[in-house]
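Peer 1: One structure coming up, written as structure tokens, with questions to follow.
The values are calculated or read from the model by the stated rules, or taken from the named source; none is laboratory data. In this text the structure is predicted, and so the values were computed from the model without any measurement. Note that each Cβ is placed from the backbone with ideal geometry, even for glycine, and that neighbours are counted across all protein chains shown. The accessibility values were calculated without ligands, DNA or RNA, using every heavy atom of the protein model including side chains. Shrake-Rupley method; radii C 1.70, N 1.55, O 1.52, S 1.80 Å.
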Amino acid sequence: MSDVLVIGAGPAGLHAASRALDAGAEVTVLDAHDLVGGQFWRHLPDDRAAADEAQLHHGWKSFQQLRVRLEEHPRCRVLTGTEVWAIEPEEHGAAARVHALSGPSGALRREEVLLTPERLVLATGAHDRVLPFPGWDLPGVFSAGAAQALAKAERVAVGERVLVAGAGPFLLATAASLIATGATVVGVHEAAGPSALCRGWLSRPWELASSARKLTELAAYVTGHLRHRIPYVAGSAVIAAEGNGRVESVRVTRLDRDWRPVARTERDIAVDAVAVSHGFTPRLELAIAAGCAITADRFVAVDARQATTVPGVYAAGELTGIGGMALSAVEGAIAGLEAAGGVIPRQLLAERARQRAFAIRLERAHGIRPGWTDWLCDDTTICRCEDVPFGALSLTEGATQSLRAAKLSTRAGLGSCQGRTCGRTVEEILRQSPGLLGTTTTDQRPIAAPVRLGEFARE
Amino acid sequence: MVSRRMPPAADPTRPPSDVPITITLDGTPYTGTAGQTLAGVLLGAGRLSWRTSPGGASRGVFCGIGVCFDCIATVNDACDVRLCQRRAVDGDRVVSQGLDAPLPLRSAGTRPAHGVADV
Ligand SMILES: Cc1cc2nc3c(=O)[nH]c(=O)nc-3n(C[C@H](O)[C@H](O)[C@H](O)COP(=O)(O)OP(=O)(O)OC[C@H]3O[C@@H](n4cnc5c(N)ncnc54)[C@H](O)[C@@H]3O)c2cc1C
Ligand code: FES
């Protein structure tokens, strides 16, 4: 019997664990959060569970079935509140050495967990990518994921009059949750213009028809919007947030097809919160530490069976490409079966192909275009941890030759979040100027989660 | 005109009625319901920010999922706790952090090591 460790209990990880059980493996699934479900099924804790929580979720019933199955299965161990802070490659039969700490987040004393599984499935998901704009660091500006997590798992609305902006269908999901939490959504501003949306979504409709589940989900959001008469503005972005100590208004503007602001189309809208997301960045650090190869477009490289370049290590979900819950789930299922030595049914491969086609449309319609840097000003904060303004980065052009040098001279990306929030933005800004040489990225983080020196010392 | 928690009686998802818990931020009490995170209690009570960035700007929750570290504060004498990841317990003492804030336990023994690892 093989033993399989799954890191991440979102749609990908839960399906991986369940399928690995089907194939007879001994399974451990762990997650830093103290509840399973990942970002998609972020929910209220058991002692506060709502009678009609399904209203806030798609696929809630299948999530409950998965969860109960894993929790009750004699060959499965579910470790929540367990954060992996390092992974080392392993030579003696195991896929990797996984170091985790278990206990309340940030507590002084957490329990050490060391695992050396035969097979490892990485399913650590992604976080929002938010492009900076003047005022994006004012209180009241949230990532759309934060607005979503607070609505679903806290029943907290980030504001009363909220504007949702950025790119992608996730904005619609966020608007729907905000409404269900009592907020007024004053508008959804999608950066992709009408022609990009038509090219992405209306071409080859026969392909789309096969991802029926996705379409129903989108249709539900869209009809929800109509019912609430929320303006959906395509080809538009928030280019500034203003207010005294907190957001009081945002400036929106039309964008051209490259996401460059169109002159004289600005208008101000009074809000008390903004929820912004321009896409997602995969959480690659554990995969990189395990030695997995990364593709040119910065996802974990996997073969048809979700195997990475490291023997015994598999990856699934948003780590291997951004395509929403259904793609994560089917990749997880394939990875779990394969890790446990099971047989992969043809339907799963076909379903993955359908969902990947959907992901390609998503990127084609909503992918970030280079013109957005035009809305930055010299004093716009780029690195939130270290307060590094855009001006400091553009000044480094001539003087610095590498990302590393730029980071060291400005401190961008060297703060507490280790460049998770600003890293790709810093890279993009430096790449737009000819001075940057070298191919290093901001993805490497040998220590994946904060560990106190005291916790090290006890080893 | 601020962030707030939906009262259970008005909530279409029908959560159970509140089990009040009270935490303090720099000595000021904030009440939420059992099962919330510390960030959830503060935002739910209309408090948007609690940290000061090196340049003096206010920070609260940004990513909501433990990635950005905007929301860190000292909790029961342990510094740099991400409030969006930490369940609130009745009586928790939160002290805000920033350049000018008191740094009660910033000794080598409790300072997270991640900052040093990147360079
Ligand atoms: C905040 C947020 C909210 C979202 N909400 C929605 C939504 O409502 N609707 C929608 O269609 N899409 C949503 N998305 C997009 C979402 O990422 C995907 O739809 C889906 O959740 C991806 O599934 P996954 O299994 O690949 O990853 P995830 O669901 O992201 O699961 C990854 C899991 O890995 C865990 N993890 C990561 N690193 C570690 C570590 N070092 N140690 C231990 N555990 C770790 C995380 O805690 C997480 O639970 C959201 C994304 C974000 C960032
Ligand atoms: S809000 Fe980003 S870590 Fe808590």
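Peer 1: Would you mind giving the mean number of other chain beta-carbons within 10 Å of the Cβ of each residue in B:66-79, as a whole number? Before the final figure, lay out the partial values.
Peer 2: Working: counts 11, 12, 13, 9, 10, 1, 5, 1, 1, 5, 3, 1, 7, 3.
Average neighbour count from other chains, rounded to a whole number: 6.
Peer 1: Counting only protein heavy atoms, what percent of the accessible surface of the protein assembly as shown is carbon or sulfur at a 1.4 Å probe?
Peer 2: Summing carbon and sulfur atoms, their accessible area is 54 percent of the total for the protein assembly as shown.
Peer 1: Using only the alpha-carbon atoms, how far is helix A:11-22 inclined from the longest principal axis of chain A? Give it as 0 to 90 degrees, nearest 10.
Peer 2: 10
Peer 1: Taking the 0 to 90 degree range and rounding to the nearest ten, how far is the long axis of helix A:170-180 tilted relative to the main principal axis of chain A, both from C-alpha atoms?
Peer 2: Between the helix axis and the principal axis of chain A, the angle is about 90 degrees.
Peer 1: Another question, then. Using R₀ = 60 Å, calculate the FRET efficiency as 1/(1 + (r/R₀)^6) where r is the Cβ-Cβ separation of residue A:441 and residue B:19; round to 0.05. Don't skip to the answer; put the middle values down first.
Peer 2: On the way: r = 46 Å, r/R0 = 0.76.
Efficiency, from the Cβ-Cβ distance: 0.85.
Peer 1: Can I ask one more? In the stretch A:166-180, what residues drop by 10 Å² or more in accessible surface going from the chain by itself to the full protein assembly, probe 1.4 Å?
Peer 2: Those residues are A:180.
Peer 1: In addition: For chain A, with the dipole built from +1 on Lys and Arg beta-carbon atoms and -1 on Asp and Glu ones, taken about the Cα centre, which of A:8, A:359, A:454 lies farthest toward the positive end?
Peer 2: The residue sitting farthest along the positive end of the dipole is A:359.
Peer 1: Follow-up. Output the peptides A:382-391, B:36-45 sorted from most to least packed, where packing is the average of other Cβ atoms within 10 Å over each peptide's residues.
Peer 2: Details: A:382-391: 22.6, B:36-45: 26.7.
Put in order of decreasing packing, that is B:36-45, A:382-391.
Peer 1: How much FRET efficiency would the formula 1/(1 + (r/R0)^6) give for residue A:161 and residue B:10, where r is the Cβ-Cβ distance and R0 is 22 Å, rounded to 0.05? Can you show the working numbers first?
Peer 2: On the way: r = 18 Å, r/R0 = 0.80.
Once rounded, the FRET efficiency stands at 0.80.
Peer 1: Quick check: the angle from helix A:144-154's long axis to the longest principal axis of chain A, C-alpha only, nearest 10 degrees?
Peer 2: Once rounded, one gets 60 degrees.
Peer 1: What dipole magnitude, in Debye to the nearest 20, does the protein assembly as shown give about its Cα centre under +1 on Lys/Arg Cβ and -1 on Asp/Glu Cβ?
Peer 2: Approximately 1140 debye in magnitude.
Peer 1: Report, as an integer, the average count of C-beta atoms from other chains found within 10 Å of each Cβ along A:383-391.
Peer 2: Partner-chain Cβ atoms within 10 Å, mean over residues of A:383-391: 3.
Peer 1: With a 1.4 Å probe, how much accessible area is buried between chains B and A, both sides summed, in Å² to the nearest hundred?
Peer 2: 5400
Peer 1: If I stretch the segment between residue A:62 and residue A:348 completely, what's the gain in nm (0.36 nm per residue apart, minus their alpha carbon distance), one decimal?
Peer 2: Gain on extension, residue A:62 to residue A:348, equals 101.3 nm.
Peer 1: Sticking with this one: So what's the back-of-envelope 222 nm ellipticity for the protein assembly as shown, counting only DSSP H runs of four-plus at -39500 (n - 2.57) apiece and dividing by all residues, rounded to 500? Mind dumping the intermediate values first?
Peer 2: Values: 16 runs with 157 residues, N = 578.
Estimated from H runs of four or more residues: -8000 deg cm²/dmol.
Peer 1: Now for a different question. Using R₀ = 25 Å, calculate the FRET efficiency as 1/(1 + (r/R₀)^6) where r is the Cβ-Cβ separation of residue A:411 and residue A:432; round to 0.05.
Peer 2: Here the calculated transfer efficiency is 0.80.
Peer 1: If you don't mind, there's one more thing I want to ask. Considering the dipole of the stretch A:130-278 built from charges on the beta carbon (Lys and Arg +1, Asp and Glu -1) around the Cα centre, which of A:142, A:243, A:197 is farthest to its positive end?
Peer 2: A:197
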